[in-house]
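The values are calculated or read from the model by the stated rules, or taken from the named source; none is laboratory data. Treat the numbers as computed from the prediction; the structure is a model and nothing was measured. Counting neighbours? That spans all protein chains shown, and the Cβs are built from the backbone with ideal geometry, glycine included.
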Amino acid sequence: MTPLLWLLFIGLPLFVVFIIVENIVAKRKKLQIYTLSDSVTNFSCGLLERIFDLFFSVIVLFGFNYIHENIAPFKIELSVFSWIIGLLATDFIAYWFHRLSHEINFLWAAHIVHHQSEELNLTTVFRVSFLAVVFRAFFFVWLAFAGFDVFTIVTTIVFLGAYQFFTHSRLIGKLGVFEKFLITPSHHRVHHGRNAKYMDRNYGHIFIIWDRLFGTFSEEEEEPDYGITSGFEEANAYSATFSYWKNLFIRAKRTKRFSDKIKVFLKGPKWTPPDVDHLPNNFKVDSNGNRIAYKINLEKEKRYYVLFSVLITAFSFIGMLIVKTNLGPETSLEALISNRIILAFVGIIIISIYAHSQIIENKKYAAIVDGFRLVSIITLTFFGFATTSIFNWLFPLMCVYSILMAIWLIKINLRPKRTLEHV
């Protein structure tokens with residue numbers, strides 16, 4: 001088994017265990033920090049990002065390696081010391097990428113996805129836009145120009161990403177002396193706050209020293225209110241990804257001056273052309289004008305249905321990673337695109353992400369959409385696995401699963417529909 005597969009089979013179960021433990025501890029403290037709809041949306045955004053990166057990373061890593069081997073003025077020999085220096089460089093670049101993603105609208109359009117949720121928990125780390133993958137590459141490419149090899153670049157970025165899992169906890173308090181030089185959950189809670197005093201603070205990923213050095217540090221005084229100031233009330237990962245892009249293009253179209261059309265994308269989120277107002281907020285208020293928290297309360301049976309639906313989506317993602325890993329690190333983009341099994345998994349995931357959101361939001365045609373998902377699972381399983389040795393048991397299994405889920409879906413759909421609740 002390759003190191004990447006070991007990481008997959010050890011890392012993913014650990015993430016699941018940590019999430020379960022956090023949820024149990026939160027309930028004992030009488031805190032509700034998880035909702036099924038929010039968690040599914042977080043994972044759905046993450047799946048879209050990982051699918052895109054599966055293909056895009058082939059191009060990026062080829063480019064990084066080419067720069068390191070042929071363009072970089074010198075090469076940094078790999079050692080423990082050079083790796084630590086690489087980690088510091090990665091964190092420094094990540095700070096500026098993160099900060100500029102809050103200060104430039106076209107970057108914010110990708111990063112806003114991570115801030116849309118009004119919850120903060122370990123699943124929030126997965127809520128990222130696949131478009132951020134493209135922008136991120138233009139920042140981290142400088143590590144290759146500086147002489148760092150692909151192994152150092154990839155492993156430091158992976159380490160940085162893994163560390164984020166720890167910083168997205170609401171349950172871990174302040175950590176004493178570590179607060180002075182590391183990004184802690186307390187520091188990162190500030191970053192996710194929509195309160196005026198916490199806005200645009202604490203951009204660091206691993207080390208807080210950059211925020212202290214460049215004047216963007218704020219201490220957590222009380223737990224923030226999470227989410228974005230304009231609000232976002234959908235469980236659809238596709239809407240989450242493109243909502244702010246839509247906002248930018250609408251305002252760019254409405255403004256009359258050509259220079260302002262460009263500035264809409266290059267200025268910060270607070271700016272709008274003089275002749276165009278910001279679009280209306282996307283949240284509800286009570287009779288006193290106070291913002292109402294957005295939560296989708298699903299009845300018990302529908303929650304179980306969503307969980308069993310998401311299970312196949314998760315297994316498809318794991319299967320896709322296993323197939324990609326077994327193809328080897330030198331796999332070409334052409335080999336990925338022509339691999340029927342990978343395409344089958346990608347198709348199932350992309351369709352399922354949309355279908356899950358329709359069921360969660362109780363949309364008018366949700367049953368039809370999810371029925372299409374179930375048919376697609378059977379069709380794509382046949383497409384991807386018809387010539388493989390596991391087809392004889394996998395295809396019947398997927399047929400049985402889809403038929404049973406279709407019966408369950410019909411049962412749920414025949415019941416009176418409940419409206420979404422804001423609490």
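Return the residue satisfying two criteria in turn: it lies in region 295-321 and is of a type in the set (Lys, Arg) and out of contact with any His (no Cβ under 8 Å at 6 or more places or on another chain), and of such residues it is farthest from Cys45 (Cα to Cα).
It comes out as Lys300.
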All conditions in (1) outside any loop (DSSP other than H, G, I, E, B); (2) crowded, with 16+ Cβ neighbours inside 10 Å are true of Ile318 except (2)
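Here is a yes/no grid of residues against (1) more than 14 Å from the chain's Cα centre (by Cα); (2) surrounded by 22 or more Cβ atoms within 10 Å (Cβ to Cβ); (3) under 22 Å from Leu182 (Cβ atoms); (4) among the hydroxyl-bearing types (Ser, Thr, Tyr):
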| residue | (1), (2), (3), (4) |
| --- | --- |
| Asn70 | yes, no, no, no |
| Ser82 | yes, no, yes, yes |
| Phe92 | yes, no, yes, no |
| Trp96 | yes, no, yes, no |
| Glu103 | yes, no, no, no |
| Ile112 | no, yes, no, no |
| Thr124 | no, yes, yes, yes |
| Phe135 | yes, no, no, no |
| Val141 | yes, no, no, no |
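Out of region 284-294, which residues are under 23 Å from Asn247 (Cα atoms) and either in contact with a Phe, Trp or Tyr (Cβ under 6 Å, 6 or more places away or on another chain) or part of a loop (DSSP other than H, G, I, E, B) (or both)?
If the condition is that a residue be under 23 Å from Asn247 (Cα atoms) and either in contact with a Phe, Trp or Tyr (Cβ under 6 Å, 6 or more places away or on another chain) or part of a loop (DSSP other than H, G, I, E, B) (or both), then Lys284, Arg291, Ile292, Ala293 are the ones that fit.
Suppose we filter region 1-18 for residues that are aliphatic (A, V, I, L, M) and modelled with pLDDT of 80 or more; how many remain? It would help to see each step written out before you state the result.
Residues of region 1-18 aliphatic (A, V, I, L, M): 1, 4-5, 7-8, 10, 12, 14, 16-17.
Keeping just the survivors that are modelled with pLDDT of 80 or more gives 14, 16-17.
Residues in region 1-18 being aliphatic (A, V, I, L, M) and modelled with pLDDT of 80 or more: 3 in total.
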What pairs come out if I take residues in region 62-85 that are among the aliphatic types (A, V, I, L, M) and pair them with residues that are surrounded by 12 or more Cβ atoms within 10 Å (Cβ to Cβ) and in a loop (DSSP other than H, G, I, E, B) whose C-beta lies under 8 Å away, six or more apart or interchain? Ala72/Ala146; Ala72/Gly147; Ile76/Ala146; Ile76/Gly147; Ile76/Phe148; Ile76/Asp149; Leu78/Asp149; Ile85/Ile76
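Any residue in region 257-272 that is under 21 Å from Tyr401 (Cβ atoms) and either under 21 Å from the mean Cα position of the chain (by Cα) or among the hydroxyl-bearing types (Ser, Thr, Tyr) (or both)? Show your work before the answer.
Looking only at region 257-272, we keep the residues that are under 21 Å from Tyr401 (Cβ atoms), and these are none.
Checking region 257-272: not a single residue is under 21 Å from Tyr401 (Cβ atoms) and either under 21 Å from the mean Cα position of the chain (by Cα) or among the hydroxyl-bearing types (Ser, Thr, Tyr) (or both).
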Since Ile51 meets every condition but one in (1) at pLDDT 90 or above; (2) farther than 24 Å from Gly328 by Cβ; (3) of a type in the set (Val, Ile, Thr), which condition does it not meet? (2)
Of all helices (runs of 4 or more DSSP H) completely enclosed by region 186-283, which ones contain at least 1 residues that are assigned by TED's automatic domain parsing to the domain that holds Leu171, touching a Phe, Trp or Tyr at 6+ places or on another chain (Cβ under 7 Å) and surrounded by 15 or more Cβ atoms within 10 Å (Cβ to Cβ)? 209-214
Going through region 276-312 one residue at a time, which ones are free of Cβ contacts under 8 Å to residues at least 40 places away in the same chain and either over 30 Å from Lys256 (Cα atoms) or within 24 Å of the chain's Cα centre (by Cα) (or both)? Val285, Asp286, Ser287, Asn288, Gly289, Asn290, Lys300, Tyr304, Leu311
In the set Ile33, Ile59, Ile51, Ile19, the lone residue that is touching a residue at least 60 places away in the same chain (Cβ under 8 Å), in a helix (DSSP H, G or I) and crowded, with 18+ Cβ neighbours inside 10 Å is Ile51
